[in-house]
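To start, the structure under review is shown below, and the notes come after it.
The values are calculated or read from the model by the stated rules, or taken from the named source; none is laboratory data. All values derive from a computational prediction rather than experimental measurement. Neighbour counts are summed over all protein chains in view; Cβ atoms, including those assigned to glycine, are modelled from backbone coordinates with ideal geometry. We work out accessible area using only protein heavy atoms, side chains counted, and drop any ligands, DNA or RNA first. Shrake-Rupley method; radii C 1.70, N 1.55, O 1.52, S 1.80 Å.
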Amino acid sequence: MSEIMEQAECCNFSDEKPLRSSVKVHAYLNCVANRPPSPGRYRMLFETKRGYRRLFRPSDIYHPDRKGAKDRPTRMELPETLHSYLDWYETEFLAMHGESNQDPLMSLRGFGKEAWAGEDADEYVSSLRGGWR
């Protein structure tokens with residue numbers, strides 16, 4: 001959490017110095033995906049087994065009351081100076097952990113089709129059922 005707060009302090013684009021204490025409370029209570037919402041429902045951070053926080057990944061398990069909640073800011077919500085962080089998250093961080101925006105089940109479409117090339121589906125099922133009584 002301290003690294004997250006250090007980065008927030010570094011990127012603080014408001015005129016308030018030091019960063020308001022409510023930022024830490026917000027990050028601790030409102031943004032942690034696998035904790036009950038209190039009261040915010042964001043999914044921007046994930047609490048590890050050791051109690052640390054890291055950035056949320058789409059494959060992370062989250063509290064059911066946070067379903068459909070926001071997991072990252074939109075480009076329009078950020079000052080232009082912070083767009084590179086969003087780009088890094090979407091292109092490098094997620095890719096580094098094998099994440100993508102593609103549905104994992106849909107990504108299997110066509111997988112193994114070579115093994116079934118030339119095999120008629122109805123004939124195959126009939127041959128399996130041939131020994132049934």
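Quick notes on this structure:
- Total lysine pairs in the chain at Cα distances under 29 Å, for residues eight or more apart or on different chains: 6.
- In the full protein context, the chain carries 78 Å² of accessible surface per residue, based on a 1.4 Å probe and ignoring ligands, DNA and RNA.
- Counted by Cβ distance under 10 Å from R41, the other residues give a net charge of +3, where Lys and Arg count +1 and Asp and Glu count -1.
- Within the accessible area of the chain (1.4 Å probe), percent carbon and sulfur: 56 percent
- Potential extension, S84-L105 segment - 0.36 nm per residue separation minus Cα distance: 4.6 nm
- Computed lengthening from V125 to A8, 0.36 nm per intervening residue step minus Cα-Cα distance: 36.2 nm
- Every pair of different Cα atoms in the chain enters the Kirkwood calculation, which places the hydrodynamic radius at 18.4 Å.
- The stretch between E77 and H63, if pulled fully straight at 0.36 nm per residue, gains 2.6 nm over its current Cα-Cα span.
- Look at the alpha carbon pairs under 8 Å that are at least 6 residues apart: their mean separation over the length of the chain gives a relative contact order of 14 percent.
- Dipole of the chain [Lys/Arg +1, Asp/Glu -1 at C-beta], most positive-end residue of C10, L78, H63: H63
- In nm, spacing of pseudo-spin labels at T91 and R54 (7 Å Cα→C-beta vector): 2.3 nm
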